[in-house]
Amino acid sequence: MKTQIRVTRAAERMRSKWDWLDSYHSFSFGEHYDPTRMGFGSLRVVNDDIIGPGGGFPMHPHRDMEIVSLVLKGELEHADSMGNGRVIQAGDIQYMGAGTGVRHSEFNPSSTEPTHLLQIWLQPGSKGLEPQYADQQIHGREANQWKLLLSSDGREGSMKIRQDALLYSVELEANHSIEHVTAARRGLWLFVIEGAVDVEGATLGAGDSLEVSGVDSLALLNSAEQTAKVILFDLAL
């Protein structure tokens, strides 16, 4: 497979802004359409959302989509048609497999503080699956080491999703580096949450992303003074 690399800067993302929501879209979403940014592998949506105090998404339907929320700051109050009701804290991960159909709402329960999260959608491996829900606290996140958050088989204590996809996170301290080794016919999609990293000859800052295929590994270096927080998808192509 020929090596292909694409960098998308934070300022190049599409944006939706309402009184209660400020959302940046790494891929086409809603009324925002770019035929060159329709996803990467099974990854279809990565929305960088800030929900204002008391704001949120009322009950709405989904089907045949694996939906993941990473709460970065604040809290997220979830309810769905399967009977689940949770308040997800910063540092937690939430998974909802829409399958044959599910309705859900997501609100910021605070009257004073915003909620910051990444909402991620992946296509499932098969359509018409049974709806599912799970949430999990992210434990054992040591600096400068990959932490596996999502996988198809729940390995290493990760949350199980119904797609051949791996999601890792890392907090990379200043003057540290890390490498991820992948397999043939897979692609990597990296997103910087905080700080900056040097990767594939580019320096990526907060909100920047990189997609790469045709490589067997990816090396990251934090040459800045601030700890960098990064997520990395390893996806079948």
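The values are calculated or read from the model by the stated rules, or taken from the named source; none is laboratory data. Predicted model only: the values in this text are computed from it and were never measured. Quick reminder, even Gly has a Cβ in these numbers, built from the backbone with ideal geometry, and neighbours come from all protein chains shown.
Would you check if GLY128 is of a type outside the set (S, T, N, Q), assigned by TED's automatic domain parsing to the domain that holds PHE40 and over 24 Å from GLY39 (Cα atoms)? Show your work before the answer.
Details: of a type outside the set (S, T, N, Q): yes; assigned by TED's automatic domain parsing to the domain that holds PHE40: yes; over 24 Å from GLY39 (Cα atoms): no.
No: the conditions fail for GLY128.
Pairs please, first residue from region 121-147 and more than 25 Å from ARG63 (Cα to Cα), second anywhere and of a type in the set (Gly, Ala, Ser) and surrounded by fewer than 13 Cβ atoms within 10 Å (Cβ to Cβ), Cβ atoms under 8 Å, 6+ apart in sequence or on different chains.
Filtered contacts from region 121-147: LYS147/GLY140.
Condition first: over 29 Å from LEU166 (Cβ atoms) and of a type in the set (Val, Ile, Thr). Now tell me which residues in region 47-69 satisfy that.
Of the residues in region 47-69, the ones over 29 Å from LEU166 (Cβ atoms) are 52-56, 58-59.
Across region 47-69, there are no qualifying residues.
Are there strands (runs of 3 or more DSSP E) fully within region 40-91 with at least 1 residues that are of a type in the set (S, T, N, Q) and surrounded by 16 or more Cβ atoms within 10 Å (Cβ to Cβ)? List them.
Working: elements: 43-51, 56-62, 66-73, 75-80, 85-89.
In region 40-91, the matching strands (runs of 3 or more DSSP E) lie at 43-51, 66-73.
Which ones in region 92-102 are surrounded by fewer than 16 Cβ atoms within 10 Å (Cβ to Cβ) and either touching a residue at least 40 places away in the same chain (Cβ under 8 Å) or in a strand (DSSP E or B) (or both)? Let's see the steps before the verdict.
Narrowing region 92-102 to residues surrounded by fewer than 16 Cβ atoms within 10 Å (Cβ to Cβ): 100-101.
The one that is surrounded by fewer than 16 Cβ atoms within 10 Å (Cβ to Cβ) and either touching a residue at least 40 places away in the same chain (Cβ under 8 Å) or in a strand (DSSP E or B) (or both): GLY101.
For SER111, which of the numbered conditions (1) of a type in the set (Gly, Ala, Ser); (2) under 26 Å from GLY39 (Cβ atoms); (3) in the same structural domain as SER26 (by TED's automatic domain parsing) fails to hold?
(2)
Name the single residue that is nearest to ALA11 (Cα to Cα) among those in region 179-198 being crowded, with 22+ Cβ neighbours inside 10 Å and β-branched (Val, Ile, Thr).
Let us first name the residues in region 179-198 that are crowded, with 22+ Cβ neighbours inside 10 Å, namely 188-192, 197.
Restricting the remaining residues to those that are β-branched (Val, Ile, Thr) gives 192, 197.
Values: VAL192: 13, VAL197: 17 Å.
Residue satisfying both the conditions and the ranking: VAL192.
Can you tell me which residue in region 1-39 is modelled with the lowest pLDDT, limited to those that are among the hydrophobic types (A, V, I, L, M, F, W, C) and not in a strand (DSSP E or B)? Quick ask: steps written out before the conclusion?
Keep residues of region 1-39 that are among the hydrophobic types (A, V, I, L, M, F, W, C), which gives 1, 5, 7, 10-11, 14, 18, 20-21, 27, 29, 38.
Filter once more, so that each one left must be not in a strand (DSSP E or B): 1, 10-11, 18, 20, 27, 38.
Details: MET1: 82, ALA10: 99, ALA11: 98, TRP18: 97, TRP20: 98, PHE27: 99, MET38: 98.
My answer is MET1.
Report the residue count in region 15-38 for those that are without any contact (Cβ under 8 Å) to a residue 24 or more places away in the chain and farther than 20 Å from LEU72 by Cβ.
Selection size over region 15-38: 9.
Of (1) touching an Asp or Glu at 6+ places or on another chain (Cβ under 7 Å); (2) farther than 17 Å from PRO131 by Cα, ALA98 satisfies all except one. Which?
(2)
Which count do you get for residues in region 81-116 that are among the acidic types (Asp, Glu) and out of contact with any Phe, Trp or Tyr (no Cβ under 6 Å at 6 or more places or on another chain)? If you could, list the steps in order and put the result at the bottom.
Keep residues of region 81-116 that are among the acidic types (Asp, Glu), which gives 92, 106, 113.
From the residues that got through so far, the ones that are out of contact with any Phe, Trp or Tyr (no Cβ under 6 Å at 6 or more places or on another chain) too are 92, 113.
Within region 81-116, residues that are among the acidic types (Asp, Glu) and out of contact with any Phe, Trp or Tyr (no Cβ under 6 Å at 6 or more places or on another chain) number 2.
Would you check which residues across region 137-171 are under 17 Å from the mean Cα position of the chain (by Cα) and acidic (Asp, Glu) and list them?
The answer is ASP164, GLU171.
Just name the residue that is nearest to TYR133 (Cα to Cα) out of those in region 162-194 that are free of Cβ contacts under 8 Å to residues at least 60 places away in the same chain and polar (S, T, N, Q).
THR182
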